[in-house]
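The values are calculated or read from the model by the stated rules, or taken from the named source; none is laboratory data. Nothing here was measured: the structure is a model prediction, and the numbers come from that model. As a convention, Cβ positions derive from the backbone with ideal geometry for all residues, glycine included, and neighbour counts pool all protein chains shown. Note: accessible area is taken over every heavy atom of the protein model, side chains too, but ligands, DNA and RNA are not part of it. Shrake-Rupley method; radii C 1.70, N 1.55, O 1.52, S 1.80 Å.
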Amino acid sequence: MSMTREAMDHAALDAAVEQARKSLAEGGIPIGAALMNEEGVIVALGHNQRVQSGDPTAHAESVCIRNAGRRRDWHTLTMATTLSPCAMCSGTAVLHRIPRIVIGENMTFTGREDWLKGEGAEVVVVHDLRCTSMMESFITARPDLWDEDIGVPPTD
């Protein structure tokens with residue numbers, strides 16, 4: 001029996017949440033991503049490694065896409081991410097024509113969902129409380145690191 005689209009979305013988001021927890025445990029930003037094929041198989045994982053690697057482009061979605069390697073089936077994949085993707089990560093999804101983006105939450109940060117939709121991607125926001133509470137706790141504990149991650153200049 002095949003999984004429903006909703007069950008596959010939840011499985012992909014569960015994998016992304018585990019990636020976010022991995023980043024947090026490493027001292028990084030708790031954002032994770034997973035790429036899933038049409039059969040519900042996770043083909044790549046990634047978590048925010050900006051702090052760990054010193055690479056300002058190492059956001060979860062970009063790392064996940066990098067980990068997927070060279071492919072020709074981007075147009076059939078679903079990207080699940082714990083947080084609404086920023087302009088850079090949305091642009092990477094647009095570039096590769098990823099048609100579905102499942103977003104854990106967009107309350108703590110709303111990225112470029114408008115751009116994704118404008119390019120024809122299906123954007124599904126599930127308002128997952130695990131994702132929201134993880135980001136709220138992180139932003140409260142490390143507002144400086146969060147502002148650095150999303151490009152907010154220092155106020156001093």
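Is it fair to say P153 is exposed (fewer than 13 other Cβ atoms within 10 Å of the Cβ) and over 19 Å from Q19 (Cα atoms)?
Answer is yes for this residue.
Would you point out the residue of the range 50-78, among those that are in contact with a Lys or Arg (Cβ under 7 Å, 6 or more places away or on another chain) and not hydroxyl-bearing (S, T, Y), that is nearest to E136 (Cα to Cα)?
The extreme case among them is H59.
Give me the pairs, please: first residue somewhere in the range 71-83 and basic (K, R), second residue anywhere and part of a loop (DSSP other than H, G, I, E, B) and open to solvent by 10 Å² or more (accessible area, probe 1.4 Å), beta-carbon distance under 9 Å, and either six or more positions apart or on two chains.
Close Cβ pairs (under 9 Å, with a partner that is part of a loop (DSSP other than H, G, I, E, B) and open to solvent by 10 Å² or more (accessible area, probe 1.4 Å)) amount to R71/H96.
Restricting the range 110-131 to residues that are of a type in the set (D, E) and closer than 20 Å to H10 by Cβ, which is most open to solvent (accessible area, probe 1.4 Å)?
The residue in question is E122.
Checking V17 against (1) surrounded by fewer than 24 Cβ atoms within 10 Å (Cβ to Cβ); (2) over 19 Å from V124 (Cβ atoms); (3) under 12 Å from the mean Cα position of the chain (by Cα), which single condition isn't satisfied?
(2)
Mind counting the residues in the range 59-70 that are over 19 Å from V152 (Cα atoms) and touching a residue at least 24 places away in the same chain (Cβ under 8 Å)?
Of the residues in the range 59-70, 7 are over 19 Å from V152 (Cα atoms) and touching a residue at least 24 places away in the same chain (Cβ under 8 Å).
I need a count of the residues in the range 66-87 that are surrounded by fewer than 16 Cβ atoms within 10 Å (Cβ to Cβ) and either in contact with a His (Cβ under 9 Å, 6 or more places away or on another chain) or among the hydroxyl-bearing types (S, T, Y) (or both).
Residues meeting the conditions: 3.
Pick from the range 20-30 the residues that are assigned to a loop (DSSP other than H, G, I, E, B) and open to solvent by 10 Å² or more (accessible area, probe 1.4 Å): which of them is farthest from L77 (Cα to Cα)?
G27
For the condition part of a helix (DSSP H, G or I) and over 12 Å from the mean Cα position of the chain (by Cα), what is the one hit in G120, G91?
Being part of a helix (DSSP H, G or I) and over 12 Å from the mean Cα position of the chain (by Cα) holds for just one of G120, G91, which is G91.
What pairs come out if I take residues in the range 129-156 that are in contact (Cβ under 8 Å) with a residue 24 or more places away in the chain and pair them with residues that are small (G, A, S) whose C-beta lies under 7 Å away, six or more apart or interchain?
Close Cβ pairs satisfying both conditions: C131/G104; M134/A20.
Among residues belonging to the range 1-58 that are among the polar types (S, T, N, Q) and in contact (Cβ under 8 Å) with a residue 40 or more places away in the chain, point out the one that is nearest to T82 (Cα to Cα).
Among them, the one singled out is Q19.
Name the pairs whose Cβ atoms lie under 8 Å apart, with the first residue in the range 99-114 and touching a residue at least 40 places away in the same chain (Cβ under 8 Å) and of a type outside the set (S, T, N, Q), the second open to solvent by 50 Å² or more (accessible area, probe 1.4 Å) and outside any loop (DSSP other than H, G, I, E, B), and 6 or more positions between them or separate chains?
G104/R130; F109/I150
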